[in-house]
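The values are calculated or read from the model by the stated rules, or taken from the named source; none is laboratory data. Computed from a predicted model, the values in this text were never measured in an experiment. A quick note on method: Cβ atoms are made from the backbone with ideal geometry, for glycine too, and the neighbour counts reach across all protein chains shown.
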Amino acid sequence: MPGEAQARRAAIIFAASQAIVGSAAPIAISIGGLAGYYLLAADKSLATIPVTAFTVGVAVGAIPAAGIIKRMGQRSGFMTGTGVTALGGVLATLGLFEASFWLFAFGLLVTGFGGAFVQQFRFAAADNAPPAFKAKAISFVLAGGVITAILGPQVVIFTRELLAPVMFAGSFASIVLLAAVGAAILAFLPRNDARSNVVSGMAEAPARPLSEIVRQPLFAVGLLCAVGSYALMSFVMTGAPLAMVGCGFSPDEATLGISWHVMAMFAPSFFTGKLIARFGREPIVAVGLALLVGCALVALSGIELWQFWTALILLGLGWNFGFIGATAMVAETYRPSEKGKVQGLHDFILFGFVALASFLSGVVYNEWGWDMLNWIVFPVVVLCVAGLIGLQVVSRSDRLAAGE
């Protein structure tokens, strides 16, 4: 199919750019809290604020990013996003040189704003694809995160003392180079993005009110499961490096733990789309939620290094199945004429909750410790499972009403 061939090419470009410029995220997440910890004085309770600022940037940037991409087109819009990411890297580096906690946090906020464009890659790949290829296109893009999982933490390890005596400054300065390479890859996207609507076969369908779209059970449950999967991942992951260092492990061991985690987040993407095509979106989301429960159980079993790393791997796997499945659910609920406002609202809500989760991670860890971070996984998973069951009940009722 010509449409699928074009969609595959676009997905590969997005995956390659995600692999490079997307590495800013694991850099910010793996050492943002540690850098914040070193910049603070006696009170360390705000140490995870820079990581939270990064996620707030993604949330705040979601709607503007969608609007910029819609106005400028995918090629120019996404390349603009890499420029914002580079600016964030510059500001974060300056914050470290000035020993300014709040300038450093603001730098990560701007980096996160640039990351909002990266988050749109998965939707852009789905929009370019025929219906049968949508889940696979999303998986293609997120598969680029396998390189991110390796590249981001390795950049930290090899550059964190590059601009000594300012610890971690070299790692954040490297974000500028990563953004430049990501922009060069995006330059291979076609200038004309209009054909993505033609591929979907719904170019002429008028846009519905946003309130009508979000009231669809499939959208509501898809958003719930996306928020639950991503927020829990952020909540546990943000606190993990602090917990590992607090238990006597080195920053390098904590960084390698995040590397294994990010690898687990993205490596299954090579086949997640095929699993969704075979078993359906909702069952794959359910498997992801079960893996998140497994993460919490392993983390609660002890504080040896293998337990931290195993929990982080399960956390990444759970995020992959839960988030890709939920994204595929949401991608079926809107028309091309509606995609900008729906995607922007979706990511604004999603990353708003993720930002709150990363902030609360530091607070909960400082007040109640690593165990409480993991106990909180259980009620959130129960809520998401209830949503999936409710969706099945509504779908069955609709089929019966239609006489199927």
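Some observations on this one:
- With respect to the stated conditions, VAL90 is modelled with pLDDT of 95 or more and not charged (D, E, K, R).
- Lone unmet requirement of (1) modelled with pLDDT of 90 or more; (2) closer than 23 Å to GLY344 by Cβ for ILE20: (2)
- Every test in (1) in a helix (DSSP H, G or I); (2) over 26 Å from GLY273 (Cβ atoms) is passed by ILE303 save one, and that test is (1).
- Residue match in segment 316-333 (condition: under 30 Å from GLY67 (Cβ atoms) and in a loop (DSSP other than H, G, I, E, B)): yes
- A single member of ILE303, ILE258 is touching a residue at least 40 places away in the same chain (Cβ under 8 Å), of a type outside the set (S, T, N, Q) and buried (at least 20 other Cβ atoms within 10 Å of the Cβ), and it is ILE258.
- Selection from segment 256-271 of residues that are part of a helix (DSSP H, G or I), at pLDDT below 85 and either within 18 Å of the chain's Cα centre (by Cα) or of a type in the set (Phe, Trp, Tyr) (or both): ILE258, SER259, VAL262, MET263, PHE266, SER269, PHE270
- Pick from segment 41-52, criterion within 24 Å of VAL227 (Cα to Cα) and in contact (Cβ under 8 Å) with a residue 60 or more places away in the chain, ranking: surrounded by the fewest Cβ atoms within 10 Å (Cβ to Cβ): LEU46
- Check on VAL90, of a type in the set (A, V, I, L, M, F, W, C) and surrounded by fewer than 24 Cβ atoms within 10 Å (Cβ to Cβ): yes
- Test: residue in segment 180-193 that is within 29 Å of CYS384 (Cβ to Cβ), modelled with pLDDT of 85 or more and either in contact with a Gly (Cβ under 6 Å, 6 or more places away or on another chain) or assigned to a helix (DSSP H, G or I) (or both): no
- Filtering segment 351-359 for residues that are under 18 Å from THR52 (Cβ atoms), touching a residue at least 40 places away in the same chain (Cβ under 8 Å), among the polar types (S, T, N, Q) and assigned to a helix (DSSP H, G or I) leaves a non-empty set.
- Residue-level check: of (1) under 19 Å from LEU186 (Cβ atoms); (2) at pLDDT below 95, ALA132 misses just (1).
- Filtered by the rule that a residue be in contact (Cβ under 8 Å) with a residue 12 or more places away in the chain and not in a helix (DSSP H, G or I), segment 370-404 gives a lone residue, ILE376.
- Taken over segment 355-375, the residue count meeting the criterion of being within 21 Å of LEU223 (Cβ to Cβ) and surrounded by fewer than 19 Cβ atoms within 10 Å (Cβ to Cβ) is 1.
- Whichever residue in segment 376-393 is surrounded by 14 or more Cβ atoms within 10 Å (Cβ to Cβ) and over 22 Å from the mean Cα position of the chain (by Cα) and, among such residues, is farthest from PRO217 (Cα to Cα): GLY390
- Residue in segment 118-139 that is without any contact (Cβ under 8 Å) to a residue 24 or more places away in the chain and among the acidic types (Asp, Glu) present: no
- Every pair of residues 6+ apart whose Cβ atoms lie under 6 Å, when the first sits in segment 217-229 and is assigned to a helix (DSSP H, G or I) while the second is of a type in the set (Phe, Trp, Tyr) and surrounded by fewer than 24 Cβ atoms within 10 Å (Cβ to Cβ): VAL227/PHE353
- Where a residue in segment 310-329 is at positive phi and its partner, wherever it lies, is of a type in the set (Asp, Glu) and surrounded by fewer than 24 Cβ atoms within 10 Å (Cβ to Cβ), with Cβ under 7 Å and at least six apart: none
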